[in-house]
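Below: one structure, written as structure tokens.
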Amino acid sequence: MVQILKDPALIGLLLSFGAFIFVLTLVNIKACIVLLFFAVALSPKISMGGLPLRVEDFFMVILCFSWLARLAIKKESLPTTALDGPILVYMLICLISTMCGYIAGTANLLSADSSMSAVFHFLKKAQVFIMAYIIVANVNSKKEFIQYIKYILLASTVLAVSGLRQGLTEYRISGPIGESANTVGMYFVFITIIVIGLFLSRRSYFNKVFLGGAIMLFLYIILRSLSRVSYVTFIAVILTLGIFKDRRLLLFFVLLVVLVFALSPEQTLERVYTLKGVFTSGKGEYFHSWEARKWSWSNIPPIVLAESPLLGFGLASAPLCYAESGYVTDFYFTGILGMLSFFWLHITIFKFPSALKKSSDPVVRDAAIYFIGGFFTLLLGAISGPTFTAIRTTNIFWIFVGLMAGAYKLMMENKLDSDDPAKPL
């Protein structure tokens, strides 16, 4: 970090970038939000002073301050949602747990290793919540809601195309520098579920072709991520939606299975075959990660319950890779109270799409229904992976939470279905 601060050219570049984002936020904040979508999808992880940072980290800091300045200048109030209480309680418990951990010597407030820095973890959590509120405040019509989804799909398509290039030279597609294949796989599982829902809705032929092409591209990235948790969560949610929502998804699943076994490269098929060994408790080189996950669930919770059951050991009291499960990690960090607030927060999120699925507009309705499906993929994925702590999946999830909360706000104000019908995607 010190070397970076001594580089006049880089300092000038950062200041220019900051000034540009600040002015753009004041003039056209929606353009900044669109840029944020691309930053979340495409930015690599870089190291600055030992801290793993991304473009959206710089972007969000500037966007946050400039958004608050915009609110002050325009004399607008902060948006309020049903998430206010759960987020406040969750963050308060994280703070109390961390301070208790710091006093007990289990958590470090600051550390050269960011994975062990509680302040860094706390600020990253706050960042995604602020991002969601900025989006809520700037969904002012059905048209904007639809436009934001289009830009998210465009950013995801660019990420997938970059993954294609990576797949030409590498065994496993892992996305931008510093990202893990499992995280990229779950990112595209979440996005693909939503795109499938939009594809199945009543759309023009041209848009069906575009959405169908995006689905095939995203599925290829999921397959080449070689992420078993991505495979399992995608199959589980597709079958569930097919049984309870749209039987066409069952036909889609059958066709997908045929295509996978007919066209997939050898390394992908080998990875798919290992699912049988995982579910039959097979041992071997392919299943060491599964054994690590079982060890996490069977060994870490008893430690927390025995030593610090209510508040855990504090944020960053262990590396994120210590527990191979997002739930186990959060339980280790924040204990029973933290997990209760975590589930309260995520149960509250369901309020938005549950109301929006009654919308008369097919785009809004299907986006809400299949957001619920994508939400379940992340909930399932957190059993054996860090879907709610990995930055890329966390950010895209909370972007959609912001969109759903913003659309719900319009519905409560009777402004959603009173808009002109949304143009089909």
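Per-structure values
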| read-out | value |
| --- | --- |
| Environment charge of Ala405, counting only residues whose C-beta is closer than 15 Å and scoring Lys/Arg +1, Asp/Glu -1 | +2 |
| Charge dipole magnitude, Cβ of K and R +1, D and E -1 - the chain, Cα centre, debye nearest 20 | 980 debye |
| Under 10 Å, Cβ to Cβ, from Pro176 - net charge with Lys/Arg +1 and Asp/Glu -1 | +2 |
| Linear extension gain, Ser264 paired with Phe20, 0.36 nm per residue minus alpha-carbon span | 83.4 nm |
| Region 146-249: trypsin sites (Lys or Arg not before Pro) in DSSP loop, at most 14 other beta carbons within 10 Å | Arg202, Arg247 |
| Environment charge at Lys45 (Cβ cut-off 10 Å; Lys +1, Arg +1, Asp -1, Glu -1) | 0 |
| Contour minus Cα-Cα distance for Glu291 and Val257 (0.36 nm per residue) | 9.6 nm |
| Listed candidates (1) 59; (2) 49; (3) 54 - label of the one calculated as percent of Cα pairs over 27 Å apart | (3) |
| Loop-resident sites, region 145-198, for chymotrypsin sites (Phe, Trp or Tyr not before Pro), counting at most 13 other Cβ within 10 Å (DSSP) | Tyr171 |
| Projected label distance in nm at Val119 and Leu250, using a 7 Å step from Cα toward the beta-carbon | 5.7 nm |
| Residues in region 126-149 that a label on Leu88 would reach, taking backbone N under 19 Å of a point 7 Å out along Cα→Cβ | 126-134, 136-137 |
| The chain - mean residue ellipticity at 222 nm from DSSP helices (-39,500 (n - 2.57) per run, n ≥ 4, rounded to 500) | -24500 deg cm²/dmol |
| Subset of Lys245/Lys294; Lys30/Lys124; Lys124/Lys208; Lys45/Lys358; Lys150/Lys294; Lys208/Lys294 violating a 31 Å alpha-carbon distance limit | Lys245/Lys294; Lys124/Lys208; Lys45/Lys358; Lys150/Lys294; Lys208/Lys294 |
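All of the numbers you see were taken from the coordinates with simple rules; none came from a lab. Since the structure is predicted, the reported quantities are computational estimates derived from the model, not experimental observations. For neighbour counting, all protein chains shown are included, and Cβ atoms are generated from backbone atoms with ideal geometry for every residue, glycine included.
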